[in-house]
1. Among the numbered criteria (1) modelled with pLDDT of 95 or more; (2) polar (S, T, N, Q); (3) assigned to a helix (DSSP H, G or I), which one does SER124 miss?
2. Taking the condition more than 16 Å from GLN346 (Cβ to Cβ) and of a type outside the set (Lys, Arg), does SER366 pass?
3. Across the stretch 354-374, what is the number of residues that are surrounded by fewer than 24 Cβ atoms within 10 Å (Cβ to Cβ), not hydroxyl-bearing (Ser, Thr, Tyr) and not in a loop (DSSP other than H, G, I, E, B)?
4. Any residue in the stretch 43-56 that's over 15 Å from PRO74 (Cα atoms): show its pairings with residues that are of a type outside the set (Asp, Glu) and surrounded by fewer than 24 Cβ atoms within 10 Å (Cβ to Cβ) at Cβ separation under 7 Å, as long as the two are six or more apart or on different chains.
5. From the list THR266, THR211, THR222, pick out the single residue that is surrounded by 22 or more Cβ atoms within 10 Å (Cβ to Cβ) and polar (S, T, N, Q).
6. Counting only residues that are closer than 23 Å to LEU402 by Cα and of a type in the set (D, E, K, R), which one in the stretch 312-353 is surrounded by the fewest Cβ atoms within 10 Å (Cβ to Cβ)?
7. When residues of the stretch 43-100 are filtered for being within 20 Å of the chain's Cα centre (by Cα), hydrophobic (A, V, I, L, M, F, W, C) and within 16 Å of HIS339 (Cα to Cα), how many remain?
Amino acid sequence: MNILWETVTSSFASFIHAVRPEHLTKTVRYRSKRMILDSIGVGLMGSTTPVFDIALQYCRLYSSVAVSSVYGRPGMKLSPTLAAFTNGVATHSMDFDDTWHPATHPSGAVLPALLAASQMLPPSTKPNGLDFLLAFNVGLEVQGRDFHWLTWLFHAHTCTFPLRFHPPSVVGTMGSAAATAKLLSLSMTQCAHALGIAASLAGAPMANAATQAKPLHIGNATRLGFEAALLAARGMEANPVILDDIPGCSGFSAFYSVYQPKPLSTPSDHHEFLLEKQDIAFKRFPAHLGMHWVVDAALSVRNLFINYAGSFSPSLIRTIVLKIPVSKYINRPFPSSEHQARHSFQFNACTALLDGEVGLSSFTESSIHRQELRELLDKVVVEHPEDNVANFDKMYGEVALLLHSGDVLTGKCDTFYGHWRKPLSRESLLKKFRSNASHVLPEEKVETIITMVDNLENMSDSSQLACSL
C-alpha cells in the first residue's frame, strides 16, 4: 500500500508536482502578475525601514554563498535563504502588502523565496518566466486551500480575523515550501516531505502584531518554506500525512482546534485556482487592511463636515463614534509607535479626519504624537454592532461626528477602493508601484521592472527579474 496515493497530503503533493503552465487561465495570470508587481514595490519601499536594516545587518553576518539580490540594495547579495528572509521582512515591514480572503498576506510569503531560488540555480536549469509564474501560483493555491478549510469550519463563515497564530506564519510557510518545491522540480514524494518539514517550521503568535517582530513572520515564512524544500530535495523525510486529520496525532491541525481537510483536485480534473474565484486586496496606504474601511468612512464624513462648517474645525466636534468589528489587536485607542499606529482603528480614522488623507508620512513619530491628533483621539468612542463582523468580506466601517450643536454627521464604507470587490485600476496600481520603487531605484530601473512583470511569461530566464532589483 502506498500511503502517498491515498491521503490529503498526497493530493497536495500530486498537485504541486503535476500542475503545468497551461493550467493557468488568463485571469489567474493577470491577477498574479499584479500581485508580483505590487509585492516588489512594497518590498522596495520596505527596504527603507529600520526593521529591514536590523534584519539585513543580521543576515550579512552569515551569508557565505552570496548569490541572491536584496530589495533596495543594488549590487548587494546574500545567500539564497537569507535573501528570501530579508526581502520577506521588507515586504511586511510597513504592512503595505496584499491581503487575501481568508485573511493572510500571500505574496510576501512566496515571492522572495522564488526570486532568491531563481538566482541560486545554475545557468543550465534557470526557470523561465512561465515556470516562475506557475510556481508563484502553486504557492498561492496551497496557502488558500489550507486556510479555506479552517475558515469554513472554525469561523463558520463569520469571523476570519486571526486569534492565535498570524496566518502567513502558518499557511505562508506551507505556500513557500510548495512554490519552491515546484520551481526546484521536486518529485511528488519530495513535495510531500517538503510540506511535512514546513509544518515543523511554521507558526508565530498574534501577540507580536503591531511590533517590529511582526515582519519577521513573513520573512520566516518565505525563508523556512524555502529551506523545507531544500531539505526535502536532499533526502530529508517528514510525516507523509502532515495535512491529514489523524486521530491522536496532530499534524497541521496543531495550529487550529477544528480541522477537517479536503483533498486537492488534480489539474486533470479541471482544477480551478482559488485566484480565479477570489481576487486580491491591494492597500492604498501602509496599514492593516481593516484600517481602509474606517479611513474611507472618515474621509466621507469629513467632506460632509466641511460642507456643514465651511472648514474642518475640531472644536465643533463633541464625540467621534467608530462602528467597527470586535478585534482586540487593531483596537488601539492611543498608539505610541508606528507599528501600533498601523494597527489602530482610532488613529487611522482621526488622521483621515484631521489631514484629509492617510499616507506614508502619517506614521512618522512627529505625526503620531501631534497634540491636535491626541485631542481628536480623546473624543473617540468605539461601538461594535452585531452585524459588523470581523471578516474582510463582510465588515464595514462607520464614522459618526456628534457635534456640540446636536447635529450628527455620518460616513460609512462597505467596500473601499482596492478591495477585491473594487479592485485598483492598472493606473492606480502602477502609481503605487512607481511611488514605492522610486524611493530606492532610478526611474529607468522602475520602468524596467514593470515591463519585466508585464511580459513575465515570455522571459527565458526568470532570474533577470531578481537581478533587476
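1. Only one criterion in (1) modelled with pLDDT of 95 or more; (2) polar (S, T, N, Q); (3) assigned to a helix (DSSP H, G or I) is unmet by SER124, namely (1).
2. Working: more than 16 Å from GLN346 (Cβ to Cβ): yes; of a type outside the set (Lys, Arg): yes.
Yes; evaluated as a whole, the condition is true for this residue.
3. Looking only at the stretch 354-374, we keep the residues that are surrounded by fewer than 24 Cβ atoms within 10 Å (Cβ to Cβ), and these are 354-357, 359-362, 364-374.
So of that shortlist, the ones also not hydroxyl-bearing (Ser, Thr, Tyr) come out as 354-357, 359-360, 365, 368-374.
Then keep just the ones that are not in a loop (DSSP other than H, G, I, E, B); that gives 354-355, 360, 365, 368, 371-374.
Total meeting the criteria: 9.
4. VAL51/GLN212
5. Working: THR266 fails: surrounded by 22 or more Cβ atoms within 10 Å (Cβ to Cβ); THR211 fails: surrounded by 22 or more Cβ atoms within 10 Å (Cβ to Cβ).
Within the list THR266, THR211, THR222, the selection yields THR222.
6. Of everything passing the filter in the stretch 312-353, ARG318 is surrounded by the fewest Cβ atoms within 10 Å (Cβ to Cβ).
7. Residues in the stretch 43-100 being within 20 Å of the chain's Cα centre (by Cα), hydrophobic (A, V, I, L, M, F, W, C) and within 16 Å of HIS339 (Cα to Cα): 7 in total.
Here is a yes/no grid of residues against (1) on the phi > 0 side of the Ramachandran plot; (2) in contact (Cβ under 8 Å) with a residue 40 or more places away in the chain; (3) out of contact with any Leu (no Cβ under 7 Å at 6 or more places or on another chain):
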| position | (1), (2), (3) |
| --- | --- |
| THR173 | no, yes, no |
| ALA177 | no, yes, no |
| LEU195 | no, yes, no |
| ALA238 | no, yes, yes |
| SER253 | no, no, yes |
| PRO267 | no, yes, yes |
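The values are calculated or read from the model by the stated rules, or taken from the named source; none is laboratory data. Remember, predicted model here, so these are calculated numbers, not experimental data. Cβ: placed from backbone, ideal geometry, glycine included. Neighbour counts: every protein chain shown. Quick note on the areas: whole protein, heavy atoms, side chains included, nothing else; ligands and nucleic acids left out. Shrake-Rupley method; radii C 1.70, N 1.55, O 1.52, S 1.80 Å.
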